[in-house]
Structure formats: structure tokens, C-alpha cells
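Taken together, the values in this text are just the output of simple stated rules run on the coordinates, not laboratory data. Owing to the predicted nature of the structure, the values given are computational and were not obtained by experimental measurement. Cβ coordinates were reconstructed from backbone atoms using ideal geometry, including for glycine residues, and neighbour counts include every protein chain displayed.
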Amino acid sequence: MKGERAEDRKVFEITGKDREHFLQGLVTGDVKKLAQGIVYAAMLTPQGKYIADFFLVRHGEAILLDVKDTLADALVRRLSMYKLRAEVQIAPSSLLVSRGLGEPPEGAFADPRHPALGWRRYSEAPADAPSIDWDAIRVAHCIPETGIELVPDDSYILEAGFERLHGVDFRKGCYVGQEVTARMKHKTELRKGLATVEVEGKAPAGTEITADGKPAGTLFTQSGGRGIAYLRFDRAAGPMQAGDARITWNGAAAS
């Protein structure tokens, strides 16, 4: 099974004897778990806000970094800023990202965020044109997408569900933005966050949601009468409006 090419991804190779130690002090995931397969992680500002999310995979003597193309250059610049005297090199890779559902091909990795997202593979082999409705899968399981629900310098990863999506490790030690993330973790509960909502009607992604005329959140990706919304949970108990669309939330946590 070839799968389909992920045309919006860039791959970089991180090499040098300090590569694992370097990444471990910067990203939200535990780089030591690369020995077990693929790691999903993010890089944050010192204030704990999202910069970019990505996948890390061992490839020979290198670590591959698979990131959204629109965030790739800024992420590499940020990583390079932290290199200092570390023996680390970051360079573009010729490998391509393919992904698919069903039985994975040899060398593929199960997407660590959710079983419904299938597998990812890194190779120079050609893949089919995109055809899978990933938005429908994401909406069904409240999985945020880079540049839509995940907004650089604005989003907090716990509000975006990164703990549920295995994108943050609270036992790995320090990383940039760790203190803010840990404080949010140990609150009694989050007051804002992403949730799957029912949508009657249509509204563009990014439309403000209101409840009784007060701001209650933002509506993002939609599919099949449902959508992913960023909500203020204290205002989301009743009917809401997003442009011409009626929004309702059942109050259940994403699963």
C-alpha cells in the first residue's frame, strides 16, 4: 500500500552527536522514546505558547523532523537559535511523507496522536495524490490541525488536547515553556479548550461563536454537521451562534 503523499509537509534531518540531548531540552515530547518509534511533539515559547507541532523519527544516524511546510522555516530558525555550541546540524531531507489508513506498509509508523489517523511513512518512493477526508476524521476525534486550530504565538497545547494526543510528556524533565504548561496541567480544570460541537448551518472557519451576545469561542474545521471549536466552557452550556450557524455542545470531553 503506497498511501497518499502529504504534500504540505517538509522533512529535515537533524544530525550530530548532541542531537537527542539538544532536542530533549527544547520539545514537549520525550525524545528518548524514539527508540520505540515515532514521537509527536511541539515547540513552545518561553511563555508556553505554541510555535509549531511536528513528528520526530530516527533514521539511521539522524533524527527526522516532519513539520507543516508553512511553519518549517520559522521552526528551523528557532531551533538554530538554541544550538549555541551543541554539535548539531539541521538540513533539508529528500525524503517524502506519505500517509494512509488500513494495513501499514513496511517501514511505516502508526500516527501517535490517534488510531483513526492511520500511519505515516518516510521514503523517496512515490505516493498517490491526496484523496482521504482527513478533516472528517479530525472533527470526529477533535484533532487540531496546524494553522487552523493550532495558531502560532496564541494557542496553548493543553487547551488543544496535546496530553490526550500524546504530544506532551510530564515526566521527561525541562523544556522551553515547561513551567507554564505544568501549571496549566495542575489546575483543577481548564476553562477553555477545543471541543467537537454540532453545527446547524454554515460559517467560515475562524467565525466567532457567541452565547447570549457574549463571546464564547471560535468555530474552526467542519464536516458532516459537526465542527471543532475553541470554547469558553462557562459560556457553552446552552445554544450558541457562529455567523448564520447554530452551535451546540454536549459538554463531553473529547475522546
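Evaluate the Kirkwood expression for the hydrodynamic radius of segment 132-255, namely the inverse of the mean inverse distance over all pairs of different C-alpha atoms, and round to one decimal in Å. Walk me through the numbers before you get to the answer.
Values: mean 1/r = 0.0668 Å⁻¹.
For segment 132-255, inverting the mean 1/r across all distinct Cα pairs yields 15.0 Å.
Going down the table (LYS68/LYS187; LYS83/LYS192; LYS33/LYS83), which pairs top 29 Å between alpha carbons? Display every interim value, and only then the final one.
On the way: LYS68/LYS187 31 Å; LYS83/LYS192 34 Å; LYS33/LYS83 22 Å.
Long pairs (Cα-Cα over 29 Å): LYS68/LYS187; LYS83/LYS192.
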**Complete:** Full extension between ASP69 and PHE170 adds, at 0.36 nm per residue less the Cα distance, a length in nm of 33.6 nm
**Prompt:** Treating the beta-carbon of each Lys and Arg as +1 and of each Asp and Glu as -1, no other charges, what is the dipole magnitude of the chain about its Cα centre, to the nearest 20 debye?
**Reply:** 740
**Fill in**
Using alpha carbon positions and the Kirkwood radius, the Rg to Rh ratio of segment 4-140 is 0.95
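Work out, step by step, the length gained on full extension between GLU163 and ASP8: first 0.36 nm times the residue separation, then minus their alpha carbon distance; give nm to one decimal. Walk me through the numbers before you get to the answer.
Numbers: separation 155, 0.36 × 155 = 55.80 nm, distance 2.45 nm.
Working it through step by step, the gained length comes to 53.3 nm.
How high is the relative contact order of the chain, in percent, with contacts defined as C-alpha pairs under 8 Å that are six or more residues apart?
On the way: 538 pairs, mean separation 51.9, N = 255.
Relative contact order, the chain: 20 percent.
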**Item:** Amide N proximity, segment 214-243 versus GLU208 label position 7 Å along Cα-to-Cβ, cut-off under 14 Å
**Value:** 214-219, 232, 241-243
**Prompt:** What angle, in degrees between 0 and 90 and rounded to the nearest 10, separates the Cα long axis of helix 69-81 from the longest principal axis of the Cα atoms of the chain?
**Reply:** 60
**Prompt:** Which distance in nm do the two modelled labels at ALA252 and ILE132 give, with both placed 7 Å along the Cα-to-Cβ direction?
**Reply:** 2.4
**Request:** Compute the relative contact order of segment 84-197 as a whole-number percentage, counting only Cα pairs closer than 8 Å that sit 6 or more residues apart in sequence.
**Result:** 21
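To the nearest 20 Debye, how big is the dipole of segment 4-140 about its Cα centre, given +1 on the beta carbon of each Lys and Arg and -1 on that of each Asp and Glu?
Numbers: 19 positive and 20 negative charges, 128 e Å.
My answer is approximately 620 debye.
Could you tell me which of rounded, prolate or oblate describes the chain, using a ≥ b ≥ c as the square roots of the eigenvalues of the alpha-carbon gyration tensor, with rounded for a/c under 1.5 and, failing that, prolate when a/b is larger than b/c and oblate otherwise? Show your work: numbers first, answer last.
On the way: a/c = 2.20, a/b = 1.43, b/c = 1.53.
Cα axes put the chain in the oblate bin.
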**Complete:** Listed by chain and number, the aspartates and glutamates with an alpha carbon less than 15 angstrom from that of LYS2, same-chain partners under 8 positions apart left out, are GLU103, GLU106, GLU124, ASP128
**Complete:** The extension gain from MET81 to ILE148, computed as 0.36 nm times the residue separation minus the Cα-Cα distance, is 21.5 nm
**Request:** Consider a paramagnetic label point 7 Å from the Cα of GLN89 along Cα→Cβ; state which residues of segment 1-42 have an amide N under 19 Å from it.
**Result:** 11-23
**Fill in**
What the Cα atoms of segment 191-255 span along the principal axes, largest first and in whole Å, is 29, 25, 17
**Message:** Sort ILE143, ILE228, ILE51, ILE148 by Cβ crowding within 10 Å, fewest neighbours at the top.
**Reply:** ILE148, ILE51, ILE143, ILE228
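Work out the length of the dipole vector of segment 91-210 about its Cα centre, built from +1 on the beta-carbon of each Lys and Arg and -1 on the beta-carbon of each Asp and Glu, and round it to the nearest 20 debye. Don't skip to the end; give the middle numbers.
On the way: 14 positive and 19 negative charges, 106 e Å.
Magnitude of the dipole: close to 500 debye.
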**Request:** Evaluate E = 1/(1 + (r/R0)^6) for ASP18 and GLU200, where r is the Cβ-Cβ distance and R0 equals 41 Å; express this FRET efficiency to the nearest 0.05.
**Result:** 0.15
**Asked** In terms of modelled amide H atoms, which long-range or inter-chain residues lie less than 5 Å from the amide H of GLY217?
**Response** ILE209, ARG232
**Prompt:** Say each of ARG232 and GLN36 gets a label point 7 Å from the Cα, pointing the same way as Cα to Cβ; how far apart are those two points in nm?
**Reply:** 3.9
**Message:** Give me the net charge for the shell around ARG121: Cβ to Cβ below 13 angstrom, other residues only, Lys and Arg +1, Asp and Glu -1.
**Reply:** -2
